[in-house]
1. Inside the range B:998-1008, can you point out the residues that are touching a helix residue (DSSP H, G or I) at 6+ places or on another chain (Cβ under 9 Å), among the hydrophobic types (A, V, I, L, M, F, W, C) and away from every other protein chain (no Cβ under 12 Å)?
2. Give the residue, chosen from B:S484, B:S422, B:S414, that is among the polar types (S, T, N, Q), surrounded by fewer than 15 Cβ atoms within 10 Å (Cβ to Cβ) and within 23 Å of B:G525 (Cα to Cα).
3. So if I check each of B:F950, B:F990, which one is away from every other protein chain (no Cβ under 14 Å) and either farther than 29 Å from B:F291 by Cβ or in contact with a strand residue (DSSP E or B) (Cβ under 8 Å, 6 or more places away or on another chain) (or both)?
4. Could you tell me whether A:D82 is under 24 Å from A:P200 (Cβ atoms) and in a loop (DSSP other than H, G, I, E, B)?
5. Hey, can you tell me all the residues within the range B:955-985 that are assigned to a helix (DSSP H, G or I) and within 13 Å of chain A (Cβ to nearest Cβ)?
6. Test of understanding: among B:N78, B:N21, which residue is modelled with pLDDT of 50 or more and not in a helix (DSSP H, G or I)?
7. Within the range A:90-106, restricting attention to residues that are in a loop (DSSP other than H, G, I, E, B) and either surrounded by fewer than 20 Cβ atoms within 10 Å (Cβ to Cβ) or aliphatic (A, V, I, L, M) (or both), which residue is nearest to the other protein chains (Cβ to nearest Cβ)?
8. Here are some residues: B:A363, B:A338. Which one is buried (at least 24 other Cβ atoms within 10 Å of the Cβ) and not basic (K, R)?
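The values are calculated or read from the model by the stated rules, or taken from the named source; none is laboratory data. Remember, it's a predicted structure, so these values are computed and weren't measured experimentally. Ideal geometry is used to build each Cβ from the backbone, glycine not excepted, and the neighbour counts take in all protein chains shown.
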Amino acid sequence: MGAAAPPGTCSSGSALRPGIQVINFCFFFTGLILLFYLVFYGFLAALFTFTMWVMLQTLSSDIPKYRDRISSPGLMISPKPDTALEFYFNRSDSQSYSEYVTTLQSFLESYNDSKQSQNIECTPGKIFDQSDAAVKKACRFNISDLGQCSGKEDANFGYSKGTPCVLVKMNRVIGLKPEGEPHIQCTPKEEGVVNINYFPPNGAMDLMYFPYYGKSLHAHYLQPLVAVQLAITPNGTKEEIAIECKILGSPNLKNQDDRDKFLGRIAFKVLMSE
Amino acid sequence: MNVGCHTSNFIHVPRSRQFGNKNFSSLMLCSLQFSVSLGMQDDHRLSTSDLEKKYGTSIDKGLSSARAAEILARDGPNALTPPKATPEIVKFLKQMIGGFSILLWIGTGFSWISFGIQLAQGVDSAFDNLYLGVVLALVVILTGIFAYYQEAKSTNIMASFSKMIPQQALVLRNAEKKEVPADQLVVGDIVEIKGGDRIPADIRLIFTQGCKVDNSSLTGESEPQSRSCDFTHENPLETRNIAFYSTTCVEGTATGIVINTGDRTIIGRIASLASGVGNEKTPIAIEIEHFVYLVAGVAISIGVLFFIISVSMRYKILDSIIFLIGIIVANVPEGLLATVTVSLSLTAKRMAKKNCLVKNLEAVETLGSTSIICSDKTGTLTQNRMTVAHLWFDNQIYSADTSEDQTTQPFDQSSPSWTALSKIVTLCNRAEFRPGQENLPIMKRVVVGDASETALLKFSEVILGDVMSIRAQNKKVAEIPFNSTNKFQLSIHETDDPHDKRFLLVMKGAPERILERCSTIMINGKEEPLDSEKAEAFQTAYMELGGMGERVLGFCHLYLPENEFPENFKFDTDSMNFPTSNLCFVGLLSMIDPPRSTVPDAVSKCRSAGIKVIMVTGDHPITAKAIAKSVGIISATSETVEDIAKRLNIPVEQVNRREATAAVVNGMELKDMSSEQLDEILREHSEIVFARTSPQQKLIIVEGCQRQGAVVAVTGDGVNDSPALKKADIGIAMGIAGSDAAKNAADMVLLDDNFASIVTGVEEGRLIFDNLKKTIAYTLTKNIAELCPFLIYIIASIPMPIGTITILFIDLGTDIIPSVALAYEKAESDIMNRRPRNKRKDRLVNEQLAVYSYLQIGIMQSVGAFVTYFTVYAEQGFLPSTLLGVRVDWESNAINDFEDSYGQQWTKYQRTYLQWTGYTAFFVSITIQQVADLIIRKTRRNSIFRQGLFRNKVIWVGIFSQIGIALILTYGLGHVTALNFTPLRFQYWFVAVPFAILIWVYDEIRKLLIRRYPGSWWDKNMYY
């Protein structure tokens, strides 16, 4: 589209006046057109900026105006393989799982005690409502709660032993207060191929980590994690193991949406060779 | 070839063109002439017995039924083959690939290709592309079906028109007379015809009795021609012993041998030649083509440009192709061509109500761009009936009322001379009203009798009342009817005064012949001797009336002395035992076929609308000129070369031709003219009358006008008019007087034969051109608002602001009714006060329109829609800064913890749903701003407030439908995933409102500046 062609001005001008005058005439009109569009688009740009600025002024920097599009959180795992949530590794080849291990290590970095110095100990099993407080405090999440999957006992997170760890987390949603006793439960598609251990026990997600108050108010917030240890039996090494994890025990956390396959649940596959 | 041409004097071919092989018409007429002479070379020369031999028939017995059946099987039925129609399937397929359809088919193809590739790659969303392809294909097919349906509907109107009552012919077969359907006639059949019949085939006459035929449908000459069995001319078309198919026998009877049937008749040949004349593209078709090229050009160049950009920005080829589809869909106004069709057919309907039946929808606009109308005189400009226009008695000329619905006559009727004259007019007249019409207005009653007598009968009925009882009171005792040798009509009556036993002899006829028989003249009721002074006065009056192109009749009477002619006197008309000289001259009456009362106004409208009206008639130049003057085709002040010569008293050759604005060209002069000379006449004179022309010359005149670059409308009724009707940019056939061939060849049929109806048609045509401009401007605007999202999506990698399906919902949903509503918009100013549009300069879609719609209003709409889009995302947690460059992650199925500006995490589906909310918001914003766009498009120059916001109610229907459809889509169908709509928070409907108001205000300023500074830089660039 580019700059607007000056309709009819130059051509009619040149038909009337010969010589240098024409060129001036033409330049004048082309210039006028350019000037017009400069002013016109300048005005529109200014108007756009101004309206956007006005709109942004109406927004709070702490919480979004509406949160109805994420009333219920999704589940996600770490490490997250590039290829559509499928883990492929050889327990005897450390190269094959090193990427998972480093991802887990860097993910858990923020959960190190040193990073959590400002975080407070909260009362387990209770919603930690701080709506009246000006400064929102973050609850401490003890990395040791993740047991064998904490990386402290086994730097390889069990990948070398055939008991790989996967961390399940729930998406942060501002103001979400889970009801009941939310916990993660994973089920393999086939029986007997894998034994699943949860850290913390039962895959519980403590209510004290909720609600979340948003990035700016709740700076040091750490979302609770559930580690899932997959003790793969010798039967399970032959083929892919499909596992689905769900959040259970809380009536206001959805886990059965037809369209959203990640709402309160997550499915992944593991194929371990020896 | 040339042999045929040289011997021709039926068809006049200008010499200069005779050998020009490019000139189709002269070729065509030559070949017509040639084939005509071939086919009927001898039949008019042969003797009856030779004819019997040639056709194996017998004059007494006719053909045998078996023989007739044989010939019928060989030659086929005696009917004209209808013009070859395009097969319906071809018409249908044409609609499928015409216009933008090709672009959409390309889009469909790409969608399916990318579906195939993605399916092979196992991408989840592959089916989206399949559906998109299906939707695009459906759009093309549905709009195609719609256009086809519209087209078919207007064709059907015509089909019903050409239906005819089956004709019967009286034929001699197996020595028996019987009635057979005319299409069963074969060559060699002996047929009988009588007055009132249509000639059922080309017939060589072998027996006639006072037979006269009306050849007007063939030659345009309206005077009935007598037919006899004699071979009078070498040319079969001129000889008297042949009667032609489809002409009418006016009076008498005749018997003849059928020599040609069906398509081999003269009419059949002309009709088939006419269908050979190619139909030129209508101006609106050219405009729409131009517009389609323009939009398709923009679509393809932007598409390709961004394809290259996206490839060089390292998008995958497949993604780039999907972008390309989006850009094409956004750029193509899918609903527009359907809208144009609807607008045209709405206008066609409106025109049909005003008696202009349009056969071809596009002809609606052609009429509006007409710059020359070549009109017939008789019936179109005139009432097609003789009417008394002037009277002369007591040495004074009186004018009579000639309007269509006269009920009284205003001239002074107190003189006793008038009483005498009225008596002659009433009594010396054989015409009679058909019984049973007492309740009809006099002017509408059917009369048995010839044109002049009818005129006189109606004239006296209007003034005196019940003529039939007057005639009964003045019993007729003897009568000599009019004949061409004595040129008078005479009758002798008893008087209605019981005390007056004298007989009254009344006579009317050619004025000079009547005067010869008179010795006295009646002045104020007294007989005075007819001296040279009085004879001079008569001459002056006669010349004056004749000079007005009127047919003049003289009237005289004589009271026969009672002693010589007693009550029981036996009058003998053969021996003429009564005086026919030394009569008393009473007065003159002159008659003319007067102009229709609406015509002068219509002609002056044409004049102010810059349309040249040319009269083409077979009539005498004087009559033609008189009518031309009275309707204003030749204005009161303008003069022809001859007029100037007469005024200055110099020879015609010395007159500066440029001083004469008017010209009356005789058919004989036209015959000898080169095309350059004709061009000169058409160029130099603004007021032209062609008199004494044959219908063939009409074609030459039309071509001459077209050489001047004019858009030519031509009226015609005869079969021979059909080539000219076809050749003209718009052929107008007469609905009442027109022949079927003319109606077939024409683009339009004038139901009331009235010239004034053409002018209302022109007005409608011009209006629809203006309104289509508005419709297109309205439709094009939002294309930018649909296109910008794609471009910004590609460049800035933001989440997709609007979906392809959503775009289709605007183009084919919310926008359709409003764009049709603009067709109902009233004219901004008097459109009949400006010149016809220049075919080359005044385009339907010009640069100004495209630039203003695309680069100004379109961009404003885009800004408004983007503000809504960003507002929706920001209020849900994604601030504008977060959105830039997120496209890849945003669209990744594997990322289900996508973080927004507030630290919340979103799954893919939650993001997609938000994206659909964005689509809906964008859609709603465009719709809201299209309401403003619709309002500003009501006018191009005037303020909306002057045009009236509420005058066009349909616009409001459009606005409500637009908003209604949007409401249904968002709230009603918001849960149907495939449509990508979501229920939207109510306040988002208002985000774009300030921008809508801005569009309105900006356009008002634009129009204000255009009105304030006409001709300025602003006017040139901003007026579309």
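1. First, the residues of the range B:998-1008 that are touching a helix residue (DSSP H, G or I) at 6+ places or on another chain (Cβ under 9 Å): B:998-1000, B:1002-1004, B:1006-1007.
Keeping just the survivors that are among the hydrophobic types (A, V, I, L, M, F, W, C) gives B:998-1000.
Within the range B:998-1008, B:W1000 is the sole residue that qualifies.
2. Values: B:S484 fails: within 23 Å of B:G525 (Cα to Cα); B:S422 fails: surrounded by fewer than 15 Cβ atoms within 10 Å (Cβ to Cβ).
Only one candidate qualifies: B:S414.
3. On the way: B:F990 fails: away from every other protein chain (no Cβ under 14 Å).
Going through B:F950, B:F990 in turn, just one is away from every other protein chain (no Cβ under 14 Å) and either farther than 29 Å from B:F291 by Cβ or in contact with a strand residue (DSSP E or B) (Cβ under 8 Å, 6 or more places away or on another chain) (or both): B:F950.
4. Values: under 24 Å from A:P200 (Cβ atoms): no; in a loop (DSSP other than H, G, I, E, B): yes.
For A:D82, the condition - under 24 Å from A:P200 (Cβ atoms) and in a loop (DSSP other than H, G, I, E, B) - is not met.
5. If we filter the range B:955-985 for residues that are assigned to a helix (DSSP H, G or I), which is where we start, we get B:955-972, B:977-979.
The answer is B:T977, B:A978.
6. Details: B:N21 fails: modelled with pLDDT of 50 or more.
None of the other options fit; the residue is B:N78.
7. Of everything passing the filter in the range A:90-106, A:D93 is nearest to the other protein chains (Cβ to nearest Cβ).
8. Numbers: B:A338 fails: buried (at least 24 other Cβ atoms within 10 Å of the Cβ).
Sole residue among the options that is buried (at least 24 other Cβ atoms within 10 Å of the Cβ) and not basic (K, R): B:A363.
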